[in-house]
Amino acid sequence: MEIVEVADIPHSTYYYWEKRLHQVDKYGEVKEEIKEIYHEHKGRYGYRRIAKELEKRGFHHNPKTRNHLMNEMGLKCLVRMKKYRAYKGNVGKIAPNLLNRDFSAQKINQKWVTDVTEFHLFGEKRYHSPVLDLCNGEIIAYTVMKRPVYKLVGDMLEQAIERIQPEDQIILHSDQG
């Protein structure tokens, strides 16, 4: 019992932990079943679906216990985020292609181009919507948001419209996605 004296712990504490180390895990069977269900469904099942599967297999436990066991084993639902796809085919009116791949301009505020770009920054997605003047390559206006919603393009267009002079006749070209 030198270890007890060196560690300066009570004898009862030592015997308590020694007994617990040799005890059979009372949730061992449930843990195995949870792990099996989780991997069977490739990590797509969260605690609710796993709970239903456990019920079907005859395991009836408190929801907090199931959740605690999953957290203890480090099992979380790996929800697949839907990938942003701007192009949806022929939706709405198709504007005529006035540029015809002529991406040069002789004067400022003659031809503008725009698009929405998805990029990753610090593990998060961001969506960037700029307007570029083809004469000098200047960014006329831009917005950056976490989601590709109408406000992204709407705010960018409002910024760009402020730059227009009464005599300007601008062609705004996008990929219509």
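If one computes the Cα centroid of segment 20-52 and of segment 99-137, what distance in Å separates the two points?
51
Please list, ordered by chain and number, the residues whose modelled amide H lies under 5 Å from the amide H of THR143; skip anything fewer than 5 residues away on the same chain.
The answer is SER129.
Taking the solvent-accessible surface of protein heavy atoms with a 1.4 Å probe, what is the per residue accessible area of the chain in Å²? List each step's numbers first, then the result.
On the way: 13850 Å² over 177 residues.
In whole numbers, the chain has 78 Å² accessible per residue.
With respect to the cross-link table entries LYS107/LYS151; LYS31/LYS76; LYS125/LYS151; LYS52/LYS76, which display a Cα-Cα separation exceeding 21 Å? The partial results should precede the final answer.
Numbers: LYS107/LYS151 29 Å; LYS31/LYS76 14 Å; LYS125/LYS151 17 Å; LYS52/LYS76 16 Å.
Listed pairs above 21 Å: LYS107/LYS151.
What Kirkwood hydrodynamic radius do you get for the chain when you take the inverse of the mean 1/r over all pairs of distinct Cα atoms, in Å?
On the way: mean 1/r = 0.0443 Å⁻¹.
Result for the chain, one decimal place: 22.6 Å.
With a Cα-only, solvent-free Debye model of segment 35-74, what are the log10 I(q)/I(0) values at q = 0.23 Å⁻¹?
-0.72
Using Cα positions and a limit of under 20 Å, work out the aspartates and glutamates in reach of LYS111, with same-chain residues fewer than 8 apart set aside.
Here the aspartates and glutamates satisfying the reach criterion relative to LYS111 are ASP102, ASP133, GLU138, ASP155, GLU158, GLU162, GLU167, ASP168, ASP175.
Let's see if you can work this out: charge +1 on each Lys and Arg Cβ, -1 on each Asp and Glu Cβ, no other charges. What is the dipole magnitude of the chain about its Cα centre, in debye to the nearest 20? Mind showing how you got there, number by number?
Numbers: 30 positive and 25 negative charges, 200 e Å.
Its charge dipole is roughly 960 debye.
Hey, what's the Cα Rg ratio for segment 131-177 versus the globular rule of thumb, 2.2 N^0.38 Å? Mind dumping the intermediate values first?
Values: Rg = 11.6 Å, N = 47, 2.2 N^0.38 = 9.5 Å.
Output field value: 1.22.
Just to be sure I understand the model, the point goes 7 Å from the Cα along the line to the Cβ. What's the resulting ALA95 to HIS39 distance in nm?
Taking the two extended label points, one gets 5.4 nm.
Taking the Cα centre of segment 1-67 as origin, sum charge times position over the Cβ atoms of Lys and Arg (+1) and Asp and Glu (-1), and report the length of that vector in debye to the nearest 20.
On the way: 14 positive and 12 negative charges, 163 e Å.
That gives a dipole near 780 debye.
Please report the relative contact order for the chain, taking Cα pairs under 8 Å with a sequence separation of at least 6, and give it as a percent rounded to a whole number.
It rounds to 16 percent for the chain.
Show me the ranking of peptides 65-75, 96-106 by mean Cβ neighbours inside 10 Å, starting with the highest.
Taking the mean over residues of other Cβ atoms within 10 Å, the ranking is 65-75, 96-106.
The values are calculated or read from the model by the stated rules, or taken from the named source; none is laboratory data. What you see is a predicted model; the values in this text were computed from it and never measured. As a convention, Cβ positions derive from the backbone with ideal geometry for all residues, glycine included, and neighbour counts pool all protein chains shown. Ligands, DNA and RNA are stripped out before the accessible areas are found, and what is left, the full protein with its side chains, is counted by its heavy atoms. Shrake-Rupley method; radii C 1.70, N 1.55, O 1.52, S 1.80 Å.
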